[in-house]
Amino acid sequence: MRCCKIQRIFCRLKILLKKFIKLFLFFGAYDRMLNKIEIIRRTMYMPNLKYKRVLLKLSGEAIGGKEGRGVDAETLGKICDEIKKMVDLGVEVAIVVGGGNFWRGRYGHQMERTTSDYMGMLATTMNGLALQDSLEARGLATRLQTAIEMRQIAEPYIRRKATKHLEKGRVVIFACGTGNPFFTTDTAAALRSAEIEAEVILLAKTIDGVYSADPKENKNATKYDEITYLDILNQDLKVMDSTATSLCRDNQIPLIVFGISEPENMVKIIKGEKIGTYIK
């Protein structure tokens, strides 16, 4: 008699387990279906857009506002408003953020270069967290990925995960540069852009493009509407460091340098308007 009761209990547990598995599979399929619908919905907005997946390179100074130090909430908010407009249009946005508003390698000239560079990587993580918070306050889904593992606050960088996040409409923020000393965040932007197959790098600057000389020091400096990577290397124009420039050139990644202070510039660029300097 007791054995029969135990057998009935096991039978009921088996039935419940089967129902649970079916329910689990249903919700898994439902979730996948929603993801596919979201991708289709986002694609419907894209025919009028020139770029559908972009990588935005933000310097630490851009986040620091007029002083170029710390995090200026008003400036950060304006940048995030522009990013939201791009995402709302269906553009997949990845961001590489610098850390110059907190720390630059050149500040640590009296310490070992690797130590100084690792401090800079931590600075980019602080900026990444600030960006993430500001974007999520505007209703955007985000993921912060770091090249150095710090799982309590961010995901480790995994290329396949990053591309999946982008496909689902999430803004992916890359921090810690490449994770290696002696490489700038410009190089990280070129590398991540190649890895996620971004169509263009948007390089946000305090000036509105590439000039033949520093326009702040030379009033006769000429602005370029279009220029090649080879010309940048030959003329030693300080757009990006030579490693990043060569990486973009070798992988045929176009780059647009534009002024971050002008509203709507990012949206205008993805719609195909000629803003700033186009580098190919």
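For (1) buried (at least 17 other Cβ atoms within 10 Å of the Cβ); (2) over 19 Å from Glu61 (Cα atoms); (3) not assigned by TED's automatic domain parsing to the domain that holds Asn101, each residue gets a yes or a no:
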site: Asp133; (1), (2), (3): no, no, no
site: Ile158; (1), (2), (3): no, yes, no
site: Leu166; (1), (2), (3): yes, yes, no
site: Phe182; (1), (2), (3): no, yes, no
site: Thr185; (1), (2), (3): yes, no, no
site: Ala194; (1), (2), (3): yes, yes, no
site: Ile201; (1), (2), (3): yes, no, no
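So which of Thr124, Thr142, Thr114, Thr146 ends up being over 16 Å from Phe174 (Cβ atoms) and among the hydroxyl-bearing types (Ser, Thr, Tyr)?
Thr114
Between Ile79, Ile15, Ile40, Ile83, which is of a type in the set (Val, Ile, Thr), in a helix (DSSP H, G or I) and modelled with pLDDT under 65?
Working: Ile79 fails: modelled with pLDDT under 65; Ile15 fails: modelled with pLDDT under 65; Ile83 fails: modelled with pLDDT under 65.
None of the others qualify; the one that does is Ile40.
Could you identify the single residue in Asn101, Asn180 that is under 30 Å from Lys268 (Cα atoms) and either under 13 Å from the mean Cα position of the chain (by Cα) or of a type outside the set (Phe, Trp, Tyr) (or both)?
Asn101
Can you give me the ranges of the helices (runs of 4 or more DSSP H) entirely in the stretch 130-245 with at least 2 residues that are of a type in the set (Asp, Glu)?
Result: 185-196.
Provide a single number: the residues in the stretch 246-259 that are in contact with a Phe, Trp or Tyr (Cβ under 7 Å, 6 or more places away or on another chain) and without any contact (Cβ under 8 Å) to a residue 40 or more places away in the chain.
Residues that pass the stated criteria total 1.
So if I check each of Pro263, Pro254, Pro215, which one is modelled with pLDDT of 95 or more and either at positive phi or surrounded by fewer than 20 Cβ atoms within 10 Å (Cβ to Cβ) (or both)?
The match here is Pro254.
Quickly run through the stretch 54-104 and pick out the residues that are in contact with an Asp or Glu (Cβ under 8 Å, 6 or more places away or on another chain) and surrounded by 21 or more Cβ atoms within 10 Å (Cβ to Cβ).
Scanning the stretch 54-104 gives Val54, Lys57, Ile63, Glu92, Gly98, Gly100, Asn101.
Would you pick out the residues in the stretch 122-164 that are over 18 Å from Arg69 (Cβ atoms) and aliphatic (A, V, I, L, M)? Even if it seems obvious, please write down each step before you answer.
So in the stretch 122-164, the residues over 18 Å from Arg69 (Cβ atoms) come out as 132-133, 135-164.
Leu135, Ala137, Leu140, Ala141, Leu144, Ala147, Ile148, Met150, Ile153, Ala154, Ile158, Ala162, listed by residue number.
Which condition does Met111 not pass, out of (1) crowded, with 18+ Cβ neighbours inside 10 Å; (2) assigned to a loop (DSSP other than H, G, I, E, B); (3) not polar (S, T, N, Q), if it passes all the others?
Exception for Met111: condition (1).
Write out, first by first residue and then by second, each pair whose Cβ atoms fall under 6 Å of each other, whose residues are 6+ apart or on separate chains, and whose first residue, in the stretch 61-84, is in the same structural domain as Ala130 (by TED's automatic domain parsing) and free of Cβ contacts under 8 Å to residues at least 12 places away in the same chain while the second is in a helix (DSSP H, G or I) and among the hydroxyl-bearing types (Ser, Thr, Tyr).
Listed by first residue and then by second, the contacts come to Gly65/Thr75.
Looking at Arg159, Arg143, Arg138 in this structure, which one is farther than 22 Å from Ile196 by Cβ and not aromatic (Phe, Trp, Tyr)?
Checking each option against the conditions leaves just Arg138.
On the basis of being of a type in the set (Asp, Glu), touching a residue at least 12 places away in the same chain (Cβ under 8 Å), outside any loop (DSSP other than H, G, I, E, B) and assigned by TED's automatic domain parsing to the domain that holds Asp81, does Glu262 make the cut?
No; evaluated as a whole, the condition is false for this residue.
The values are calculated or read from the model by the stated rules, or taken from the named source; none is laboratory data. If you're wondering where the values come from, they're calculated on a predicted model, not measured in any experiment. Glycine gets a Cβ as well: all are built from the backbone with ideal geometry, and neighbour counts include every protein chain shown.
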